[in-house]
Every structure is written in structure tokens, then in C-alpha cells.
């Protein structure tokens with residue numbers, strides 16, 4: 001981290017100020033509020049790794065909090081083990097549990113993931129109550145009051161403040177690390193468009209698991225700390241839906257998927273509710289919850305992206321006027337990635353599909369299709385709409401598993417492999433585009449391409465350099481800082497190609513990249529495809545624009561009603577009576 | 001065997017209560033495609049409403065549930081118009097947070113207004129909805145029987161309404177494809193308001209039917225809503241008949257597991273069923289739902 005950048009030093013100063021304020025104020029109540037703010041901000045930041053970065057809306061995070069609380073307390077009561085060790089043990093246990101809980105639930109979307117996470121929370125809470133011999137049941141457990149650093153129990157308030165600040169710092173550091181790493185980009189990619197992420201080699205399950213494990217670990221440490229701070233735990237309070245909702249809410253109010261958002265959300269809302277509780281006494285019984293609910297609804301209706309999402313850019317620009325601001329350095333495009341290599345295996349098969357069959361229920365969507373793509377070659381795939389071209393593509397890139405038949409790829413080491421998942425296909429050297437473009441809409445063009453580049457490097461700077469190089473090849477250089485959703489249709493199609501190219505594919509599957517383009521864009525794109533081929537990439541392209549297919553393809557394959565009608569040189573294929581019949585009907589076959 | 005039969009009857013009767021709560025939830029999801037996390041708090045409001053009407057005007061809960069239907073309809077319509085409608089094209093998370101926010105606010109508002117005390121409708125002078133009916137050695141709670149019968153009638157009525165009335169057809173069209181319905185001249189926003197109102201209105205009936213057996217307290221919604229979610233997912237989201245069958249299944253599971261396993265573990269049993277269904281059969285047991293993937 002560069003400390004002379006205004007955004008960085010301002011953030012650090014504000015954090016330190018928050019630490020100093022209660023010490024100067026000195027009142028126990030202020031201490032208490034800040035200890036709560038720090039620890040809840042840590043919880044919200046930890047939740048944000050899953051709920052924000054990974055976009056998995058968990059409303060059961062109290063499970064991990066509770067595991068931390070109970071592990072530390074039980075180890076202390078039964079074995080006299082220091083809660084510092086208990087904290088680590090609890091965090092490890094929570095991480096393991098998080099894998100078992102989340103893995104089966106990843107295929108659930110939106111509300112259903114949330115419901116499943118609530119169900120898991122309920123099950124755990126009921127089981128903890130049920131095992132009263134071990135856990136004290138619903139009555140809960142009191143933490144033995146042994147004072148001292150090793151027991152995490154103190155007479156004064158300031159050590160608690162320091163510990164909670166430490167937990168918050170750890171959570172923030174981890175968030176910051178994730179956000180600026182390959183993992184952070186991958187999480188956003190999986191959240192925004194899982195298919196597009198798979199196509200550039202992202203193992204979606206592994207990435208989401210990483211987020212869940214990190215989040216559970218951090219959440220659990222706060223649970224252990226809270227047990228020692230409150231010196232009492234009970235299932236109703238630690239395994240509570242209310243707590244889960246609260247921490248998710250703080251993150252949302254501040255801004256999902258941002259680093260500072262969860263902290264800002266907590267700082268603004270938590271003291272408000274706590275103060276109300278203090279002032280209003282008994283009446284406040286439901287009042288702070290009521291405030292939480294109302295604030296949540298208002299935020300969702302007015303600034304759904306949260307405070308940081310809504311105002312962050314503007315505030316950031318203001319802060320950057322402070323002394324010390326430096327523009328991010330421009331990265332020179334790399335030249336190594338796509339340079340033409342004189343391959344010795346040019347002209348030999350690189351992708352072989354044999355006897356592919358695919359059934360969707362009763363529909364025979366792919367009927368005995370065999371294809372061989374040779375290195376350095378362009379094959380154009382044509383056929384009427386609904387003929388099953390994209391279905392074949394999906395089998396060649398791992399998005400569909402053929403009912404029978406095989407797809408083999410020759411790797412750069414010369415071995416033949418049959419990958420099993422889209423990500424493995426990508427790693428074996430297949431890049432693909434989607435007929436319906438799938439940009440990561442809220443990211444910049446540069447970031448979109450970088451996600452492709454991360455397949456071969458985990459270094460930020462290198463990924464930027466590859467992005468710059470690929471952008472040159474695809475005429476996107478002057479659009480690099482544009483947000484992807486603002487691109488024209490032609491730009492989006494080129495972005496599809498660019499992102500695939502950034503993975504350094506040896507085989508590129510292009511699915512109608514010219515459809516819907518205007519004539520000048522088509523000329524541009526044809527030129528680009530030719531350039532790509534000249535870098536040594538073999539290309540299989542589905543295309544309806546005959547001008548392009550005829551001028552680019554070495555071979556043309558015609559697919560009709562799921563089966564391969566004919567394959568051969570372009571001139572021969574278009575004159576074939578069967579092909580004419582497929583497109584125009586029988587009466588034209590003699591025309 | 002006798003115990004088993006009695007447990008089975010208890011389970012089915014409990015299922016009737018679960019059904020009347022779940023119908024509205026599945027209706028709203030099936031049409032508006034929003035999972036309403038505030039459903040339980042709507043139930044709480046209906047129960048307090050029935051309690052107050054009984055206290056103030058001496059209305060029998062079965063009478064009070066009729067005005068309550070319309071009040072709840074209005075509440076649902078307002079929620080749809082001012083909270084859900086602006087968020088229809090927002091992402092799932094935002095919609096969830098909105099209904100969760102409403103749920104939190106309403107539950108705590110209940111706590112502020114009524115306190116944490118438990119209130120029951122005074123049924124001591126009522127004739128209908130109390131007591132037991134005996135068939136041989138088996139007994140049935142009259143109030144629960146009434147709930148069971150009404151839930152069947154309600155499903156029948158909704159079914160008829162959706163299939164054979166003009167408005168019902170428009171609702172089904174909207175449920176199947178929002179944009180296509182819009183193109184056919186259906187006022188989709190109005191349909192959603194009506195659908196949400198109907199779903200909430202069902203809870204008005206539930207509030208009245210449950211009053212003889214269940215007390216009301218601020219968190220009563222949470223107590224029932226998780227079960228309702230399980231039932232609705234089990235029966236296939238959006239399916240009325242599925243919800244009814246799901247309710248009977250969970251009712252019986254509740255009753256049997258409470259006796260044969262342990263009273264405090266019966267929820268563990270049906271939450272586990274819930275998680276398994278979500279993972280392995282996301283379209284519900286009968287494959288009638290919209291799926292959770």
C-alpha cells in the first residue's frame with residue numbers, strides 16, 4: 001500500500017482517530033460503544049467477503065459467530081485453555097463447518113441461498129440447545145472470571161478496545177488484500193456472470209469456498225472475543241437470526257462489495273440505535289430494532305448501492321485533491337503473450353470431436369457430429385437457426401456434457417486430454433465467446449480483460465499489461481477505462497473476443513461475433529479475426545454473415561437438424577444441393 | 001396404534017393451520033416472484049388485529065377475520081405499491097433486504113406497542129371454535145378442524161378465481177411472463193398489487209382461525225414463518241396444492257417427530273428435510289414449483 005496516496009492516509013487517519021476518541025473521552029459508555037462498533041464492523045467486513053464480494057446472501061452467519069463463542073468458552077471451562085488458543089481453534093472449526101454448509105448450497109440462487117442459510121442456523125441452534133450436557137442448553141454458559149491477558153478478561157475497558165480494534169484491522173486488511181488480488185476479481189466475475197467466469201478458467205466453486213472459509217474464520221474470532229467481553233453466552237443470543245441480519249444490514253448500508261462500506265455502515269447506524277436505547281429506557285425495547293428495519297428499507301429504496309457505492313467516487317475524488325496524489329502509472333502493453341510462434345505442429349489436429357450425441361429429453365439436439373480442427377486453421381460453422389450449432393460449441397467448451405462421444409484437445413505439451421469442466425477446457429487452451437454477449441457489466445473494459453488474463457498470472461501488473469496488449473489487437477485501447485455496459489454492440493462483441501484472447505487460448509470458439517454489427521464494424525472484426533489467426537490461434541467460428549465465412553474460413557462445416565451435413569472447402573460447400581435445400585427448401589435445390 | 005392414529009390426526013390438523021399460513025406466501029411468490037420475508041410479521045399483525053377486535057367489540061375471531069381480510073389486503077397492497085414495486089427490477093439481494101427490513105421494523109413495532117407479553121383471545125363464552133369432538137377414543141380440536149376446512153375451501157376458491165375469472169386469467173398470465181402480459185394489455189402493476197393484497201389477505205383469515213388456539217406475541221411471526229417457508233419450498237414455490245400437501249406433510253412430521261424422537265428436535269427434523277429438498281429437489285416434492293436455482 002502506498003502511504004502517500006491521499007485515499008490511503010486519510011483512511012488510516014480516520015481509523016486511528018476512532019481508536020483515540022474513546023481513550024480521550026474516557027467514559028465507560030463511550031468505550032463500550034466503540035468496542036461494539038469495532039467488533040460489529042469486523043463482523044460486517046467478514047460477512048461482506050461472502051455477501052458482497054461473492055454475492056452469496058447469507059443470513060446464517062451467526063453460526064460461525066456462535067461456533068467461535070462456544071469453542072472458546074467450552075475449551076476454557078472444561079480444559080482451562082486460554083481463549084486466545086480457543087479463538088484460533090474456533091475459527092478453524094468454523095472454517096471447516098463453512099465448507100460443509102456452503103458447498104451444497106452454492107447452486108441455490110438469491111432468496112433460496114438465504115433461506116437455506118437460515119435453516120442451517122436454526123438447526124445448529126436447536127442442536128446446541130438440545131445438547132445441554134455439553135453446552136448448558138438454552139440457559140447458556142457463564143465465562144469463568146479469571147482476570148489477566150491470558151484469559152482475555154480485564155478490569156479496565158481499554159484492552160477490550162485494543163482487541164476489537166485489532167480484529168477490525170485484520171478484517172479490513174483481509175478485505176483489502178482480497179479486493180486487490182486475483183481472488184477478488186474472480187469473486188466479482190462469478191457473482192456477475194458465472195458462465196463467463198467459467199469460460200475464462202475460473203473454478204467457481206473453489207473461489208466461492210475460499211470466500212466462505214475466510215469469512216467464517218474472521219466471523220468466528222469476533223464470536224470468541226464477544227464471549228469473553230460479555231462473559232456470558234446463550235444460544236438464543238449468539239445463534240440468532242437477528243444478529244445475522246444486523247451484520248448483513250451494516251454492510252448493505254455502507255455498500256456491498258466495498259472495503260470501507262461495512263465500517264461506515266456500522267459507525268453510522270450502531271451508535272444511533274445504542275444511544276436511542278440509552279435515552280429511551282424501557283420504551284426502547286423494540287425501538288432500536290425498529291430503527292434498524294426502517295433505515296434498511298429507506299436505504300434499499302433510495303441508495304441501494306449503499307453509501308460508498310453511491311457517493312464513494314465523488315468523495316474519493318475530493319480526497320484525491322489533497323497533497324501527495326499520483327495518477328496510477330500506465331502499464332506498457334506486454335508483447336510476449338500473442339507474438340507469433342513458429343509452431344512445428346502447424347497443420348496437425350488440435351481439437352478432435354468424435355461422434356457427439358446430445359439429447360435434451362426427447363430432442364436429439366446433436367446427432368453424430370465429428371469435427372477435426374487443425375492447428376492454425378479457421379473452420380466456419382454454418383447452418384439454419386436452431387440447427388444446433390451453439391449446442392455443439394457448448395460441448396466443445398465443456399458447458400454441456402455430450403450424451404455420448406468424446407472431445408479431445410492437444411495441449412501445448414503435445415498430450416491429448418479430455419477436460420471435464422468449462423474451467424478445465426479453458427485451462428487446456430480453449431477460449432470461447434458467447435452468442436449473447438456476457439460482459440461483466442459494471443467493471444471497466446480493462447478489468448474485464450484482466451479477468452481473462454488472470455488465468456495465467458496472479459500478478460496485477462502483468463494482467464494489466466496483457467489487457468493492454470489484447471486491447472490493441474481488438475481495437476479497444478481507447479475504451480479501456482470505459483465501463484463495459486456503456487460499450488456499443490460492436491464494442492461488446494470485441495470485448496468478448498478480447499477476454500477470451502487474454503487467456504492465451506490456442507483454440508478460439510467464436511459464436512456469432514459478427515451478428516448485429518454494422519458493415520464497418522464487420523470489416524473491422526474480420527480484420528481482427530485474421531490478426532488473431534496470424535498469432536497462431538486455431539479458430540472455430542459460427543457465423544451467419546457469409547461474406548465473413550467465405551473470406552476467412554479454410555473449411556466450412558454445415559450443421560442441419562443436429563447433424564453434420566457436409567464439411568469441405570467453402571466454394572464447394574455453398575454449391576452443394578443439400579446445403580441449398582437446408583437453407584431454402586427443396587424447390588430451390590436445383591436453382 | 002391408537003397413539004399413532006391420534007398423532008396422525010393431530011399432525012393433519014396442525015397441517016391445516018400451516019396451510020392457511022402458507023397459501024398467501026406461495027401465492028405472492030408464484031405471481032410477484034418475491035419471497036416475502038415479512039410474511040410472519042403480517043401474520044402477527046393479523047393476530048393482534050383479531051385480538052383487538054375481540055377485546056373492543058366482542059367480535060368472535062371467526063367474524064373478525066372477515067374485516068381483517070380486507071385490512072390485510074390493504075396492507076399487502078401498500079407494501080407492494082410502495083416497497084416492492086420500485087424494486088421489481090432490482091437484484092435479489094435488494095428485494096430480500098427490503099422485505100427483511102419490513103419484517104424487522106414490524107416485529108419491533110409490535111414489541112413497542114404491545115410489549116413482550118403474550119395475549120390470548122378470551123374464548124370462554126364462545127360456542128364455535130372451542131372444545132373437542134370425539135370419535136371413539138380419538139379426539140379432534142374443533143378450532144383446528146375449522147381451520148382445516150377453511151383452508152381447503154380457500155384453496156378451492158382461489159383455484160376457481162384464478163382459472164375462471166377474467167382477472168384470474170390476467171393474474172396467471174402475468175405470473176407466467178410479465179412482459180408478454182404487459183404487451184397483451186394487462187396492467188401488470190395493478191395485478192401485482194392485487195396479488196400481494198390477496199396473499200396478505202389470506203393471513204387475515206389465518207389470524208382469525210388461529211386465535212382460538214394460539215396466543216399472540218411480537219415474535220409469533222418468526223415462529224410460524226420459517227415453517228411456512230419450508231412448506232412452500234416442499235410443495236413447489238407458487239403451487240397452491242403443493243403448499244397444502246406440504247403443510248400436511250410438515251404437520252404430520254411435526255407431530256410424529258415430537259412424540260417418537262424428541263419434542264425439542266422435531267424442528268431439526270423438518271429443517272433437515274427443507275435443506276435436503278432445496279438441494280436435491282429444488283422444484284419441490286411434486287415438481288410443480290418454479291425451482292430455487
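The values are calculated or read from the model by the stated rules, or taken from the named source; none is laboratory data. Note that this is a predicted model, so its numbers are computed, not measured. Quick reminder, even Gly has a Cβ in these numbers, built from the backbone with ideal geometry, and neighbours come from all protein chains shown.
The one condition from (1) more than 29 Å from residue B:48 (Cβ to Cβ); (2) within 14 Å of chain A (Cβ to nearest Cβ) that residue B:232 does not meet is (1). Of the helices (runs of 4 or more DSSP H) entirely within region A:176-293, those holding at least 1 residues that are crowded, with 21+ Cβ neighbours inside 10 Å and touching a strand residue (DSSP E or B) at 6+ places or on another chain (Cβ under 9 Å) occupy A:194-199, A:204-230. The residues listed here are A:318, A:296, A:322; of these, the one that is in contact (Cβ under 8 Å) with a residue 60 or more places away in the chain and either more than 22 Å from residue B:100 (Cβ to Cβ) or buried (at least 20 other Cβ atoms within 10 Å of the Cβ) (or both) is A:322.
All conditions but one from (1) touching a residue at least 60 places away in the same chain (Cβ under 8 Å); (2) more than 25 Å from residue B:230 (Cβ to Cβ) apply to residue A:129; the one that does not is (2). Inclusion of residue A:86 among residues that are over 31 Å from the mean Cα position of the chain (by Cα) and surrounded by 23 or more Cβ atoms within 10 Å (Cβ to Cβ) is warranted. Scanning region A:137-158 for residues that are touching a strand residue (DSSP E or B) at 6+ places or on another chain (Cβ under 9 Å) and without any contact (Cβ under 8 Å) to a residue 12 or more places away in the chain yields A:146, A:147, A:154. Of the listed requirements (1) away from chain B (no Cβ under 13 Å); (2) in contact with a helix residue (DSSP H, G or I) (Cβ under 6 Å, 6 or more places away or on another chain), residue A:249 misses just one: (1).
The requirement of being over 20 Å from residue A:386 (Cα atoms), within 35 Å of the chain's Cα centre (by Cα) and modelled with pLDDT of 85 or more is not satisfied by residue A:550.
Is it true that residue A:356 is at pLDDT 90 or above, in contact with a helix residue (DSSP H, G or I) (Cβ under 8 Å, 6 or more places away or on another chain) and either in a loop (DSSP other than H, G, I, E, B) or over 20 Å from residue A:570 (Cβ atoms) (or both)? The answer is yes for residue A:356. Out of A:461, A:437, A:445, one residue alone is crowded, with 24+ Cβ neighbours inside 10 Å and within 21 Å of the chain's Cα centre (by Cα). It is A:445. Taking residue A:420, is it surrounded by fewer than 16 Cβ atoms within 10 Å (Cβ to Cβ) and in the same structural domain as residue A:399 (by TED's automatic domain parsing)? In short, yes. Counting the residues of region A:81-112 that are in a helix (DSSP H, G or I), within 16 Å of residue A:209 (Cα to Cα) and within 9 Å of chain B (Cβ to nearest Cβ) gives 2. For region B:73-87, what are the residues that are touching a residue at least 40 places away in the same chain (Cβ under 8 Å) and away from chain A (no Cβ under 11 Å)? Of everything in region B:73-87, those that are touching a residue at least 40 places away in the same chain (Cβ under 8 Å) and away from chain A (no Cβ under 11 Å) turn out to be B:73, B:74, B:75, B:76, B:77, B:80, B:81.
Restricting region B:88-102 to residues that are under 20 Å from residue B:225 (Cβ atoms) and more than 7 Å from chain A (Cβ to nearest Cβ) leaves a set whose member that is modelled with the highest pLDDT is B:99. Taken over region B:46-72, the criterion of being buried (at least 21 other Cβ atoms within 10 Å of the Cβ) and within 14 Å of chain A (Cβ to nearest Cβ) is satisfied by no residue. For region A:354-364, check the following and say yes or no: at least one residue is crowded, with 21+ Cβ neighbours inside 10 Å and within 32 Å of the chain's Cα centre (by Cα). Looking for residues that are crowded, with 21+ Cβ neighbours inside 10 Å and within 32 Å of the chain's Cα centre (by Cα), one finds at least one in region A:354-364, hence yes.
The criterion of at least 1 residues that are touching a residue at least 60 places away in the same chain (Cβ under 8 Å) and in contact with a strand residue (DSSP E or B) (Cβ under 8 Å, 6 or more places away or on another chain) is met, among helices (runs of 4 or more DSSP H) falling completely within region A:1-80, by A:62-79.
Residues satisfying the criterion are absent from region B:202-217 (criterion: within 13 Å of another protein chain (Cβ to nearest Cβ), at pLDDT 85 or above and buried (at least 21 other Cβ atoms within 10 Å of the Cβ)). Find the residue count for region B:47-84, including only residues that are within 20 Å of residue B:219 (Cα to Cα) and touching a strand residue (DSSP E or B) at 6+ places or on another chain (Cβ under 9 Å). So the answer is 4. When B:163, B:189 are checked against the criterion of being touching a residue at least 40 places away in the same chain (Cβ under 8 Å), surrounded by fewer than 21 Cβ atoms within 10 Å (Cβ to Cβ) and over 26 Å from residue B:120 (Cβ atoms), a single residue qualifies: B:189.
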